[in-house]
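Single-structure report; data block below.
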Amino acid sequence: MKFLDISEISKQTGIAASAIRYYEEKGLITSIGRRGLKRLFGPEVLDQLALITLGRSAGFSLDEIGSMFGPDGRPALSRPMLHGKAGDLDRQIERLSALRDMIRHVAECPAPSHMECPKFQQLIRLSGKRKRDRSRRPVPGVA
């Protein structure tokens, strides 16, 4: 079995060595030793890092990604968690699509000024309302 040092992994994956060290610190991956000062990893770390990268792209936290690995370091994906994230992404896509459509309308609106465009005014009101709603949410653990 060929072991890979951290610089080889970084070159192959495009992930900074500092991120690889951080993932190891968080318990997402495990080194198997050292060659001089460089950490050594088994070849399975490439798949683990690919899963971490995919999870981050999908919006999973590192803690959530950590739960996607079994005790042996192999993927152990939770189907309910994946369905939940897919639903989150669907809602995000809907919001972003609506925002895109609104921005396109405002860019092409024939009103003399953006402030005279009813859709732009609606966008501004909605944006302000969302910000106020988020600031009013109770902070967990704070009475």
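Read the figures in this text as sums done on the coordinates, not as results from a lab. Since the structure is predicted, the reported quantities are computational estimates derived from the model, not experimental observations. Heads up, the Cβs are rebuilt from the backbone with ideal geometry, glycines too, and the neighbour counts pull from every protein chain shown.
Once Lys and Arg get +1 and Asp and Glu get -1 on their Cβ, which of 68, 110, 29 lies farthest toward the positive end of the dipole of the chain?
Final value for the positive-end residue is 110.
Pick from 103, 29, 124: which is most flexible by mean-square fluctuation in a GNM of the chain where alpha carbon atoms under 10 Å apart are linked?
Looking only at 103, 29, 124, the largest GNM fluctuation is found for 124.
If you take the beta carbon distance between residue 115 and residue 91 as r and set R0 to 22 Å, what does 1/(1 + (r/R0)^6) give as a FRET efficiency, to the nearest 0.05? Working shown, then result.
Working: r = 30 Å, r/R0 = 1.34.
It comes out at approximately 0.15.
Calculate the all-directions average of the projected area of region 79-136's alpha-carbon convex hull, and give it in nm².
Details: hull surface 19.8 nm².
Over all viewing directions, region 79-136 projects a mean Cα-hull area of 4.9 nm².
Mind listing the phi-derived Karplus ³J(HN,Hα) values for region 70-75, rounded to whole Hz, using 6.51, -1.76 and 1.60 with θ = phi - 60°, and x for any glycine or proline?
My calculation for region 70-75 gives x, x, 8, x, 8, x Hz in order.
Mind putting a number on the dipole of the chain about its Cα centre? Charges go on the C-beta only, +1 for Lys and Arg and -1 for Asp and Glu, and I need it in Debye to the nearest 20. Intermediate results must be reported in sequence, preceding the final value.
On the way: 25 positive and 16 negative charges, 102 e Å.
It comes to approximately 480 debye.
Modelled label-to-label distance, residue 44 and residue 63, 7 Å Cα→beta-carbon offset: nm?
Distance between label points: 2.6 nm.
Tell me, in nm to one decimal, what length is gained between residue 126 and residue 54 on full extension, where the rule is 0.36 nm per residue of separation less the Cα-Cα distance?
22.7 nm
From the phi angles alone, apply the Karplus equation (6.51, -1.76, 1.60; θ = phi - 60°) to region 110-117 and give each ³J(HN,Hα) in whole Hz, x where the residue is Gly or Pro.
x, 4, x, 9, 4, 5, 8, 7
Can you give the alpha-carbon Rg of the chain over 2.2 N^0.38 Å, where N counts its residues? Please list the in-between numbers first.
Numbers: Rg = 22.4 Å, N = 143, 2.2 N^0.38 = 14.5 Å.
So the Cα radius of gyration is 1.55 times the expected 2.2 N^0.38 Å.
Would you pull out the residues with amide H under 5 Å of residue 39's amide H, same chain only if 5 or more places away, H placed 1.01 Å from N?
The list, which skips near neighbours in sequence, is 6.
Give me the distance between the Cα centres of region 33-68 and region 81-119, rounded to whole Å.
Value for the Cα centre distance between the two parts: 34 Å.
Can you give the FRET efficiency to the nearest 0.05 for residue 19 and residue 101, using r as the Cβ-Cβ distance and R₀ = 22 Å?
On the way: r = 36 Å, r/R0 = 1.63.
The computed FRET efficiency comes out at 0.05.
What is the total of Lys pairs in the chain with C-alpha atoms under 21 Å apart, excluding same-chain pairs fewer than 8 positions apart? Please report the intermediate quantities before stating the final value.
Values: 2/11; 2/38; 11/38; 26/38; 119/129; 119/131.
Lysine pairs meeting the criterion: 6.
Counting pairs of Cα atoms in region 29-91, how many percent are more than 19 Å apart?
On the way: 736 of 1953 pairs.
Summing the P(r) of region 29-91 above 19 Å gives 38 percent of all pairs.
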